[in-house]
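The values are calculated or read from the model by the stated rules, or taken from the named source; none is laboratory data. In this text, all values refer to a predicted model and were calculated from it rather than measured experimentally. Reconstructed Cβ throughout: ideal geometry from the backbone, glycine too, with neighbour counts over all protein chains shown. Note: areas computed on protein heavy atoms with side chains; ligands, DNA, RNA excluded. Shrake-Rupley method; radii C 1.70, N 1.55, O 1.52, S 1.80 Å.
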Amino acid sequence: NPTPVLAAVVELNGQILLARNAAWSGRMFALITGFMEAGETPQGGIAREIKEETSLDATALNLIGVYDFQRMNQIIIAYHAVCTGDVVLSPELVEYKLYEPADVVCWPAGTGYAMADFLKSKGYQPEFVEWAKRD
């Protein structure tokens, strides 16, 4: 059975926060994500993950959609999170960047499709980065 994963398009002062995980090679930036814990709702779980990973407080959460990520046997539940506060990254993340929505380039995988749907909902035409095919 697929594992539910929570993801957030974090909006801070009108910009989109993308972060780089300490375990990733390269310079890829992505959404804030994490696993639901027993006894919490998806909204509660993503608010907790945002707080743990960035120190930001989610003041509004709106569902973007649900996406399959078959390569990892996951189902992604993605939210738009309007946040406040000052960014302080957890040790899990090593870097973050703030982007104007028009400057975000999406990626052709689970959370990238969530980002594209978010951008479309705000009137932007999303662009996708091309990834080399794997054998």
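Between residue 94 and residue 37, the contour length at 0.36 nm per residue exceeds the alpha carbon distance by 18.2 nm.
Work from the charge dipole of the chain (Cβ charges, +1 for Lys and Arg, -1 for Asp and Glu, about the Cα centre) and give the residue of 54, 43, 118 farthest towards its positive end. After comparing all options, I get 118. Note on surface exposure: 124, 79 rank 124, 79 by accessible area, highest first, 1.4 Å probe.
Taking 0.36 nm per residue of separation and subtracting the Cα-Cα distance, full extension of the segment from residue 13 to residue 1 would add 0.5 nm. Take every DSSP beta bridge whose two residues both sit in the stretch 1-75; close to 85 percent of them are antiparallel.
Protein heavy-atom accessible surface, 1.4 Å probe, per residue over the chain: 56 Å². Peptide packing: for 105-118, 36-49, the average count of neighbouring Cβ atoms within 10 Å per residue gives the ranking 105-118, 36-49, highest mean first. For the chain, the carbon plus sulfur part of the accessible surface works out to 50%, probe radius 1.4 Å. The charge dipole of the chain, taken about its Cα centre with unit charges on the Cβ atoms of Lys, Arg (+1), Asp and Glu (-1) only, comes to about 280 debye. For residue 10, the amide hydrogen comes within under 5 Å of the amide hydrogens of 17, 32, 81, counting only partners 5 or more places away or on other chains and with H modelled in the peptide plane.
Using the Karplus relation 6.51 cos²θ - 1.76 cosθ + 1.60 with θ = phi - 60°, the per-residue 3J(HN,Hα) values for the stretch 2-17 come to x, 8, x, 10, 9, 9, 9, 7, 8, 9, 10, 6, x, 10, 9, 8 Hz, with x marking Gly and Pro.
Across the stretch 100-106, coupling constants 3J(HN,Hα) worked out from phi with the 6.51/-1.76/1.60 Karplus curve, θ = phi - 60°, read 5, x, 5, 9, 6, 10, 7 Hz, and Gly and Pro carry x.
Labels on offer are (i) -0.32, -0.38, -0.68, -0.76; (ii) -0.49, -0.57, -0.88, -0.95; (iii) -0.36, -0.43, -0.79, -0.90, and the one holding log10 I(q)/I(0) by the Debye sum over Cα atoms at q = 0.11, 0.12, 0.16, 0.17 Å⁻¹ computed from this structure is (iii).
Couplings 3J(HN,Hα) of the stretch 65-82, computed from phi: x, 10, 9, 8, 9, 5, 4, 9, 6, 10, 10, 9, 9, 10, 10, 9, 10, 7 Hz, in residue order, whole Hz [Karplus 6.51 cos²θ - 1.76 cosθ + 1.60, θ = phi - 60°; x for Gly and Pro].
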